[in-house]
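The values are calculated or read from the model by the stated rules, or taken from the named source; none is laboratory data. Since the model is a prediction, treat every value here as computed from it, not as a measurement. Positions of Cβ are backbone-derived with ideal geometry, glycine not excepted, and every protein chain shown enters the neighbour counts.
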Amino acid sequence: MSRVSIPDLIKKYNEGESLTMLTAYDAPIARQVDRGGVDMILVGDSAGDNHLGYEDTLPLTLEEALSNTAAVDRAVEDAMVVGDMPFLSYGTSLEESVENAGQFMKGAGADAVKLETAPYGETTIEIVSRLTELGIPVVGHIGLTPQRMNQIGGGYVQGRGSDTSATAEALIETAKRLEEAGAFSIILEATTEETGKQITEAVDIPTIGIGAGRYVDGQVLVITDVLGLSEESYQLSKQYADLNSIIGDAVESYVDDVREGEFPSAENVFDAIEKENNQ
């Protein structure tokens, strides 16, 4: 069975079906996410802090992002795999941006790439145009853009129009330009609900929200938040399991079994010998 394609997504979009996306960074989780039926898997630069132990997304290298994407690609059968281009892997030059995006497709098996775009971000919009011209599908990303967090000053909600928040008009115009450049979908992160609604109404491609409200065309969440593996909770997310507790209990049980001589038992060894009575 082939993976979800852009025409498949557009068909669902045109029929009013909400699109689903989750992140994944390794093969075991990607396999489960894929079996769960999501339309798209984003191999996010959020791997930086949610998978590799960095403080935020910025330290994630291109090589790490490609390795994560390749691992997900090997595990996924149905969902579209979107490789997230990390900080400064694009934008320094058009040539380098195209070459790095191409690595996600040719070397890591991604079906598309994602790029963050600042309000009115002409550099990124030009890159999107060149990539789509060359046959590399692109998902845009506007609103709160974590790669620009140092410039913004923190995780501020966007669309409010202040020193730390772009105006709704700026985000709407940026979304329109991304659509014109060829992006087939746009992620909207941490915007007011009204801003998310206005952007969705202004473009004719699917909008995928993460903290962008209820009036968008689909939703994306970070898998560690969904599974309860994060160290903190976020208003824009929802926890669907508590794997922290489950894993913690499993490890404690293992430690107890080993210390008490319960593991390994005869069933866990090869050619078991009879234990002596005094042992």
(request) Say whether the condition of being of a type in the set (S, T, N, Q), farther than 17 Å from E116 by Cβ and surrounded by fewer than 20 Cβ atoms within 10 Å (Cβ to Cβ) is met by at least one residue in the stretch 193-211. (result) yes
(request) Take the residues in the stretch 119-160 that are within 26 Å of Q103 (Cβ to Cβ) and small (G, A, S), then tell me which one is surrounded by the fewest Cβ atoms within 10 Å (Cβ to Cβ). (result) G135
(request) Can you work out which of the residues in the stretch 56-79 that are of a type in the set (D, E, K, R) and surrounded by fewer than 17 Cβ atoms within 10 Å (Cβ to Cβ) is modelled with the lowest pLDDT? (result) D56
(request) Provide a single number: the residues in the stretch 119-139 that are in contact (Cβ under 8 Å) with a residue 40 or more places away in the chain and of a type outside the set (S, T, Y). (result) 10
(request) Could you tell me whether any residue of the stretch 35-45 is more than 12 Å from the chain's Cα centre (by Cα) and β-branched (V, I, T)? (result) yes
(request) Taking the options I142, I136, name whichever one is at pLDDT 95 or above, more than 22 Å from Y54 (Cβ to Cβ), part of a loop (DSSP other than H, G, I, E, B) and not polar (S, T, N, Q). (result) I136
(request) Considering each residue of the stretch 19-31, count those that are surrounded by 14 or more Cβ atoms within 10 Å (Cβ to Cβ) and not in a strand (DSSP E or B), and give that number. (result) 7
(request) Report those strands (runs of 3 or more DSSP E) wholly inside the stretch 157-228 carrying at least 3 residues which are free of Cβ contacts under 8 Å to residues at least 40 places away in the same chain and either touching a Lys or Arg at 6+ places or on another chain (Cβ under 7 Å) or closer than 21 Å to M21 by Cα (or both). (result) 207-210
(request) With the condition kept exactly as written, say whether any residue in the stretch 249-261 is free of Cβ contacts under 8 Å to residues at least 60 places away in the same chain, in a loop (DSSP other than H, G, I, E, B) and more than 30 Å from V33 (Cβ to Cβ). (result) yes
(message) Filter the stretch 44-77 down to the residues that are among the hydroxyl-bearing types (S, T, Y) and either more than 19 Å from D225 (Cα to Cα) or part of a helix (DSSP H, G or I) (or both) and list them by number.
(response) T61, S67, T69
(request) Inspect the stretch 91-109 for any residue being under 17 Å from L221 (Cβ atoms) and surrounded by 24 or more Cβ atoms within 10 Å (Cβ to Cβ) and give the result as yes or no. (result) no
(request) Output the residues belonging to the stretch 48-94 that are farther than 23 Å from S185 by Cα and either touching a strand residue (DSSP E or B) at 6+ places or on another chain (Cβ under 6 Å) or of a type in the set (V, I, T) (or both). (result) T61, T92
(request) Kindly list the number of the only condition in (1) modelled with pLDDT under 95; (2) of a type outside the set (A, V, I, L, M); (3) touching a strand residue (DSSP E or B) at 6+ places or on another chain (Cβ under 8 Å) that fails for N150. (result) (3)
(request) Go through (1) over 30 Å from D163 (Cβ atoms); (2) in contact with a Ser or Thr (Cβ under 6 Å, 6 or more places away or on another chain); (3) not aromatic (F, W, Y) one by one and return the number of the condition L42 breaks. (result) (1)
